[in-house]
1. Find the accessible area per residue for the stretch 291-337; the probe is 1.4 Å, ligands and nucleic acids are left out, and the unit is Å².
2. Relative contact order of the stretch 221-380: what whole-number percent is it, with Cα pairs under 8 angstrom and at least 6 residues apart?
3. What are the radius of gyration and Dmax of the stretch 315-380, computed over its Cα atoms and given in Å?
4. Applying a 10 Å radius around every beta-carbon, put 352-360, 173-181, 291-299 in order of their mean neighbour count, most first.
5. Determine how large the accessible area of H124 is when every protein chain is in place; take a 1.4 Å probe and give Å² rounded to the nearest 10.
6. Using 0.36 nm times the number of residues separating D358 and I370, minus their current alpha carbon distance, what extension gain do you get?
7. Using a cut-off of under 11 Å, list every residue of the stretch 186-217 whose amide N is near the label point 7 Å from the Cα of V169 along the Cα-to-beta-carbon line.
8. Taking the Cβ of A226 as the centre, find all other residues whose Cβ is under 15 Å away and add up their charges (Lys, Arg: +1; Asp, Glu: -1).
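The values are calculated or read from the model by the stated rules, or taken from the named source; none is laboratory data. The structure presented is a predicted model; accordingly, all values stated were derived computationally and were not measured. Neighbour counts are summed over all protein chains in view; Cβ atoms, including those assigned to glycine, are modelled from backbone coordinates with ideal geometry. Note: accessible area is taken over every heavy atom of the protein model, side chains too, but ligands, DNA and RNA are not part of it. Shrake-Rupley method; radii C 1.70, N 1.55, O 1.52, S 1.80 Å.
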Amino acid sequence: MQENIHQWIADYTEGSISREDFKRLEAWIEQTPENKVIFEDSLRVYREAHGIGFMDRMDRERSWKVLERKLKRRDRVRMIRVMAAASVLLAVMIGTWLLLPVKQRTMVIPVAEVIPGNASVILHMADGKSVNLKNEEALGLVEKDGTEITKDTASALVYHVNEKVAKSVLHTVEVPVGGEFDLTLADGTRVWLNSDTKFRFPTYFSGETREVYVEGEAYFVVSKDAEHPFIVHTGGARVKVLGTEFNLCAYPEERVVTTLAKGKVEVADGTCKVCLQPGEQAVYNKSVNNIEVRKVDAALYSSWLKGVFEFENMSLREIGKQLSRWYGVIFEFDDVGIGNRRFTGGIKKYIPLYQSLDILEKTTNVMFRIKDNVIQVQSK
C-alpha cells in the first residue's frame, strides 16, 4: 500500500480521490500518529502552495514522486521542505512552522480548510457496548445472540446469519456530521449511510418481513426475497420493497424523499400509498399528509455515493442544508431572495469547504463570509 500513498494524498488534496482509495488512505492515516502528522503537513503545504499558484507551476508527477520517496523514509520535516524548495516564497511562509518539533506544532486547521469524511462512526450493540468503527478493528465482534460481525476489505461491516437463536437483537449505526459508512445486513442487503444518519436494524431477519429504521439518508441495494418483503420505516412514511435499489432521504423536520433507481417500491403513510417505477420519486410531506410523485434523474440523488454532490436547479438554501451536514457549518442568508437563487452543477465531496464555496460564488453572484463555523451569504 505504501507505494500508493503519494497518489492518494495528491488526489485527496485535489478532491478527485475515489471512495475506495479514500478509505484506504484513511486506514493508513489511522495506523500511526506519525502518518497523521505527515498527512496534515501535506494538506497545509498544499493549501499554501495553491494560494500563491505554486502547484500550478510545478510538474505534478515529479513533485509527488519526491513526496513518495520521503513518505517511505517517514521523514516528515524533510518531506515538506523538499516540496517547498522550488519556491523561496513558499519556504518563507511555512518554513519556520515546519522546523518546530512535532509536539510543539499546533495543528488547528480553519473550518474552511477541513476536508470531511473522517468523522467517527459508532455502532451501538444490544449488549450495551458502543464501538468506534473508525478506531477499532471491529473484527471478531460477537453480539449476545451469537451474531458475528466482521469487516470486509473496504472496512464495511458484514453481518453473518445466526439462525440458531430464537430471536435477533437490534443494532444502531450512528454516522455523525462529516461522516459516512456502509454495511451488509444478514440477508445480503447493502446499505450506504450518508452524513448525520442513524440506522437501526436487526442482527438477522426472522418472521415474515425484514424491517429497518432510518433517520437521515441512505442508499439501499435490497437482496431479493419475494416471501419476505423489505420495509424501511422513517419519518412517518414506510417504504416496502422485494428487491430493488433506491435512495431514501429522511432527515428530521424535512420531507421524506424516496428515489427509485431499479425495481419497484411502495411508499405509504397512514392514509395514502403510491408505487414507484425506476426514475420516479415520491415526496412525502408529513405536515399536509400528502405523497407527491414526480419524474427525476435518479442518478442525481445518489451522486453522493460516487463522491460528488450533483445539484439541478437547486436553491442555495437547499444546497446549504446538504453542505451543513457534510462540513458541520451553519449557513445564514442576508435575505430570503439570496437563499432562493438557483445553482446547477457538481461539487466534489472530498475537498475543503472553501473550494466548494468558491464554485458557488462564481456561478450565483453571492459572497460567503466565514466566521468560526457560520457561513454568512451576501449579494455581491
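1. Values: 2320 Å² over 47 residues.
In whole numbers, the stretch 291-337 has 49 Å² accessible per residue.
2. Details: 304 pairs, mean separation 21.2, N = 160.
13 percent.
3. Taking only Cα atoms of the stretch 315-380, I get Rg and Dmax of 10.6, 29 Å.
4. Working: 352-360: 19.1, 173-181: 21.0, 291-299: 14.1.
Top of the packing list down: 173-181, 352-360, 291-299.
5. The accessible area of H124 comes to roughly 60 Å².
6. Values: separation 12, 0.36 × 12 = 4.32 nm, distance 1.22 nm.
Result: 3.1 nm gained on full extension.
7. Correct set: 203.
8. Details: positive: R210, K224, K240, K264; negative: D187, E208, D225, E227, E266.
Every neighbour counted, the sum reads -1.
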